[in-house]
Amino acid sequence: MTAVAPTRPTRWRFSPLGLFEALATPHGVDRYLELVNPMLTVRDLRAEVTEVHRSTADTVTLTLRPTRQWRGFQAGQFVQVTVEIDGVRRTRCYSPACSQYRDDGRIELTIKAHPDGIVSQFLHANAAPGLVVGLAQAAGTFQLPQERPGHVLFISGGSGITPVLSMLRTLCDEGYAGQVTFLHYGYTEQDIAYRDELVALAAQHDNVRLVLAYTDQADGGDLHGYFGQEHLEAVAPWHADAETFLCGPPGLMASVRSLYAERGLINRLHFEDFAPAPIVADRDSTGAVSFDRTGRSADNSGATLLEQAEAAGLTPAYGCRMGICFSCTQIKTSGCTRNIRTGAIDADPDTEIQLCISVPVGDVALDL
Ligand SMILES: Cc1cc2nc3c(=O)[nH]c(=O)nc-3n(C[C@H](O)[C@H](O)[C@H](O)COP(=O)(O)OP(=O)(O)OC[C@H]3O[C@@H](n4cnc5c(N)ncnc54)[C@H](O)[C@@H]3O)c2cc1C
């Protein structure tokens, strides 16, 4: 006979917070507390901008003080920042540029203003001390290995400097003794965010070598023009024995990836994309996409469901447009979709799908 543990009668305990939450339903306590002070939250993670600095014409560097729910980050990871613009909440991913050991618990983000970007333009123009933004816990697998490698090569371009600078600052804080080369690309000297900090780090650490490459400036700097095998050989002839961490614009990412692939070194290359690779719409697409809540529908163009929804005049939430942040998740009520990253087919009704990486296969209906 099997012994059954006696069950204790559940004891009801009075919780002032539970009562407050019950009374606050359906809005949640934080919706009321934010009327008093938006940084006073029970559940929501938020952050207050405490400093704003513009080191180049098209970037803004923000220091953020997160609320007590913040659990910290590992160098290389990203956070999701939510801002309200004209009454619409928009979420985007940003990689902290500071060391993971920063002792005041604040995080530093550097954001490049994209010419037609909604959130980056807003923050570049409007961020000021006192602005409170929504924050999500850090995520992402672009990280240094726990056992630090003996040789590290960082390659970055433009705003892609942020996660690799965080790694460099973290290694310096750890007293890392291995060899580090930091190869960074910018149009000109004026476009290099963190130029002074990089020069200072290299001057303070004998094992850190800084190489600045200018693509649109013929003098100054250490290298000129775009990345290619000559740059790699000149800067890190030992790259086959190192771990390489890469982040930058799509052209730089593609050149480094293809050179490493050619040389059979792809498993020594770790990278983070800030922007999705262009998606070629499926020209043999059939069927129609219908948006149940708004009553709209359109012929399936073969593009992602996010693009098809936008083309139909809808404005669904999105964050990364490449399947990593899940901001665009919606319910597919019927039909079949293909995940463009994995190729997986989903034919189940009433399932959650990520609009930015799903394309319809025939008729699809969304709860949108
Ligand atoms: C992991 C990760 C980390 C990141 N870290 C940083 C960082 O540290 N610093 C930084 O500056 N950026 C970073 N980014 C990029 C950042 O998340 C945003 O993508 C960037 O700030 C642009 O956002 P936006 O709202 O200004 O532009 P959006 O308004 O989202 O537009 C950006 C671009 O998306 C395309 N787009 C917009 N709407 C459409 C549409 N309807 N159809 C097709 N294409 C469209 C356009 O090409 C447009 O130029 C990171 C991204 C990721 C994924």
### Query
By counting other Cβ atoms within 10 Å of each Cβ, how are 340, 85 ranked from fewest to most?
85, 340
### Pairwise FRET efficiency - residue 39 versus residue 294, Cβ, R0 = 51 Å, nearest 0.05
0.90
### Task
State the extension gain, in nm to one decimal, for the chain segment bounded by residue 311 and residue 71, taking 0.36 nm per residue of separation less the distance between their alpha-carbons.
82.6 nm
#### Entry: Debye equation applied to the C-alpha atoms of the range 136-283, log10 I(q)/I(0) at 0.11, 0.15, 0.20 Å⁻¹
-0.41, -0.76, -1.37
### Task
For a footprinting-style exposure proxy, rank 89, 65 by other Cβ within 10 Å, fewest first.
89, 65
### Task
Note down, for the chain, the three equivalent ellipsoid semi-axes (square root of 5 times each alpha carbon gyration tensor eigenvalue), biggest first, whole angstrom.
38, 29, 23
## Note on the structure
Net charge near residue 330 (other residues with Cβ under 9 Å of its Cβ; Lys, Arg +1; Asp, Glu -1) is -1
#### Entry: Order of 266, 357 - criterion: other Cβ atoms within 10 Å of each residue's Cβ, fewest first
266, 357
### Summary
Restricting to Cα pairs under 8 Å and 6 or more apart, the percent relative contact order of the chain works out to 12 percent
#### Entry: For the range 288-366, alpha-carbon Rg over 2.2 N^0.38 Å
0.95
### Query
Within the range 305-341, whose backbone N sits under 14 Å from a point 7 Å along Cα→Cβ of residue 282?
305-306, 308, 335-341
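Any read-out appearing in this document is the output of simple, stated calculations on the displayed coordinates, not a laboratory observation. Predicted, not measured: the structure shown is a model, and the values here were computed from it. A quick note on method: Cβ atoms are made from the backbone with ideal geometry, for glycine too, and the neighbour counts reach across all protein chains shown.
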